[in-house]
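Structure first, then comments.
The values are calculated or read from the model by the stated rules, or taken from the named source; none is laboratory data. Fair warning: this is a prediction, and the values are worked out from it, not measured in the lab. Glycine gets a Cβ as well: all are built from the backbone with ideal geometry, and neighbour counts include every protein chain shown. Side chains are part of the model used for accessible areas, which takes the heavy atoms of the whole protein and leaves out ligands, DNA and RNA. Shrake-Rupley method; radii C 1.70, N 1.55, O 1.52, S 1.80 Å.
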Amino acid sequence: MYLQVLGARGRLMIDGKRIGQTGAAKGTVHGDVQYATQDNGFPTTDGLDNVRRAVQLTAGPHSITVMASSDTSNKPEQIRLNWTTPELRESNHRAAIDAAKKAHTAVVFVWTRGKPDFALPGEQDKLVDEIAAVNPNTIVVMNVSQPVAMPWLGKVKGVLQMWWPGDEGGWATADVLLGKVSPAGRLPFTWAKQLTDYAANDPAHPERSDKGVDGKTTYSEGVDVGYRWFDKQKIEPLFPFGFGLSYTSFAYSDLKVAKAADNGLDVSVRVKNTGVVAGDEVPQVYLDAPEQQPDGVQFAPKTLAAFDRVTLAPGESKDVTMHVSPRALEYWSVAEKKWVRSDARRVRVGSSSRDLKLAAER
C-alpha cells in the first residue's frame with residue numbers, strides 16, 4: 001500500500017497500527033523532499049512523496065487512517081492512497097525483465113535503509129539476478145548506507161555505490177554512468193563478505209554482540225576496530241577500507257619519508273594517471289605496528305595516518321606530500337600515564353588498506 005503526500009508530514013495506519021510516515025520536513029520549501037528515505041528513492045511525476053509498505057491483510061474490511069500536518073508554508077496538503085496487488089507486482093517484475101532483454105545496457109537501482117541487516121529488502125536480489133541473466137551489460141546502482149550482501153556481484157558488469165545522494169542524486173548518478181565525471185569516492189568502512197566477519201556479529205565473540213554477556217557488551221577488540229579487525233583476524237573482505245575504482249588507472253613511485261618540522265612525518269609519493277581519461281586518485285598512508293612492542297600495549301597491525309586527493313589528466317604525474325602528525329607515532333602508556341613515541345614504524349602507501357604498493361622503513 002502507498003501513501004503519497006505533498007506539502008505535509010503524513011502517517012499511515014491500518015487497523016490502528018502505524019505502518020509508516022513520510023513528507024516534507026518542517027521549515028523547508030513546500031513539498032520538497034529534503035532527505036532520502038527508504039521510500040522516496042524516486043520522486044513521482046506530480047511531486048508527491050511516497051511511503052510504501054507491504055502489509056498482509058486478511059479477508060474482510062479494514063480501517064485505514066491517514067494523519068497529516070502541514071509544513072510551514074501553510075499551503076494545502078495533497079494526499080493520495082494507492083495500492084499494488086501481488087498480481088500487479090509480478091506484472092511489473094516481468095515488465096522489467098522484458099525491458100532488460102531489449103536494452104543494450106540495463107541499469108538496476110537497489111536500496112536499503114538498514115533492515116534487514118546485511119541484505120537488500122524485498123526481492124531486489126532476485127530482480128538483479130534475473131535481469132543479469134537476460135542482459136550481459138547490467139549495472140547496479142546502490143542507494144545504501146551500509147554494506148550488504150551482493151550474491152549477484154559476479155554476474156553484473158559494474159556496481160555504482162551512490163549512498164543516499166539527496167535531491168541532486170539523479171543528476172550525479174547520470175553524470176557518473178555516462179562518463180561525464182570519473183568516480184573517485186573511497187569506502188569509509190570495510191565491506192565484508194558476510195555479516196559474521198564483523199566483530200559485533202562473530203559467534204566466537206558473544207561479548208561483542210548488542211546483547212553481550214549478562215547484558216553487557218564488551219568491546220574486546222580494543223583498538224582493532226573496523227579494517228584493523230579484518231587485518232588482525234586475517235579476514236579477506238569483499239571490498240577493503242579505502243577501496244574505490246574509477247574510469248582510469250594510476251601508478252605509484254618514488255616514495256620518500258622525511259621528518260617534518262613539527263616532529264611528525266612528511267610522506268611524498270609520485271602518482272601518475274596511466275589511463276586515457278582524467279580522474280582523481282586518493283593516496284593513503286598507513287603505519288605498521290612497531291616490530292618491538294612494549295608489554296601491555298596494543299597496536300593495530302596497521303593504521304591509517306594520512307591521505308590526500310589529487311586530480312590528474314591522462315599521462316600526468318604529480319608529487320603528493322601527506323603529513324603524518326606526531327600523535328600518530330605515539331601510544332598511550334598506562335604504566336607511565338603519558339604519550340610515548342614509537343619511531344620504528346614501517347610506512348606504507350597505496351590506494352586502499354589492502355592495496356599498499358610502496359613501503360619504507362622509518
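General remarks:
- Restricted to the range 309-347, and to residues there that are closer than 14 Å to Val282 by Cα and charged (D, E, K, R), the residue that is least open to solvent (accessible area, probe 1.4 Å) is Lys318.
- Checking the range 121-138 against the condition returns no match, with no residue being under 12 Å from the mean Cα position of the chain (by Cα), surrounded by fewer than 15 Cβ atoms within 10 Å (Cβ to Cβ) and of a type outside the set (Lys, Arg).
- Here Lys193 clears all of (1) in a helix (DSSP H, G or I); (2) within 20 Å of Val128 (Cα to Cα); (3) not polar (S, T, N, Q) except the condition numbered (1).
- Checking Thr72 against (1) at pLDDT below 90; (2) open to solvent by less than 80 Å² (accessible area, probe 1.4 Å); (3) among the β-branched types (Val, Ile, Thr); (4) out of contact with any Leu (no Cβ under 6 Å at 6 or more places or on another chain), the condition it does not meet: (2)
- Set side by side, the residues Lys318, Lys302, Lys272, Lys338 differ, and just one is touching a strand residue (DSSP E or B) at 6+ places or on another chain (Cβ under 9 Å) and free of Cβ contacts under 8 Å to residues at least 12 places away in the same chain, which is Lys338.
- Screening Leu57, Leu3 for residues that are surrounded by 13 or more Cβ atoms within 10 Å (Cβ to Cβ) and either modelled with pLDDT of 65 or more or of a type in the set (A, V, I, L, M, F, W, C) (or both) leaves exactly one candidate, Leu3.
- In the range 81-103, residue surrounded by the most Cβ atoms within 10 Å (Cβ to Cβ) [restricted to those that are acidic (Asp, Glu) and within 29 Å of Val66 (Cα to Cα)]: Glu90
- In the range 258-284, residue surrounded by the most Cβ atoms within 10 Å (Cβ to Cβ) [restricted to those that are among the polar types (S, T, N, Q) and within 14 Å of Ser246 (Cβ to Cβ)]: Asn273
- Scan of the range 183-200 for residues that are touching a residue at least 24 places away in the same chain (Cβ under 8 Å) and under 14 Å from Tyr219 (Cα atoms), ordered by number: Tyr198, Ala199
- Test result for Thr173, farther than 18 Å from Leu195 by Cβ, touching a residue at least 12 places away in the same chain (Cβ under 8 Å), part of a helix (DSSP H, G or I) and among the polar types (S, T, N, Q): yes
- Residue in the range 244-265 that is closer than 20 Å to Tyr227 by Cα and either hydroxyl-bearing (Ser, Thr, Tyr) or touching a residue at least 60 places away in the same chain (Cβ under 8 Å) (or both) present: yes
- Conditions (1) hydrophobic (A, V, I, L, M, F, W, C); (2) at pLDDT 95 or above; (3) closer than 27 Å to Gly226 by Cβ; number of the one not met by Ala96: (3)
- Candidate set: the range 288-298, residues that are closer than 16 Å to Arg362 by Cβ and either in contact with a Leu (Cβ under 8 Å, 6 or more places away or on another chain) or at pLDDT below 95 (or both); chosen: the one least open to solvent (accessible area, probe 1.4 Å): Pro290
- Residue match in the range 104-117 (condition: among the β-branched types (Val, Ile, Thr), over 30 Å from Ala200 (Cα atoms) and loosely packed, with under 14 Cβ neighbours inside 10 Å): yes
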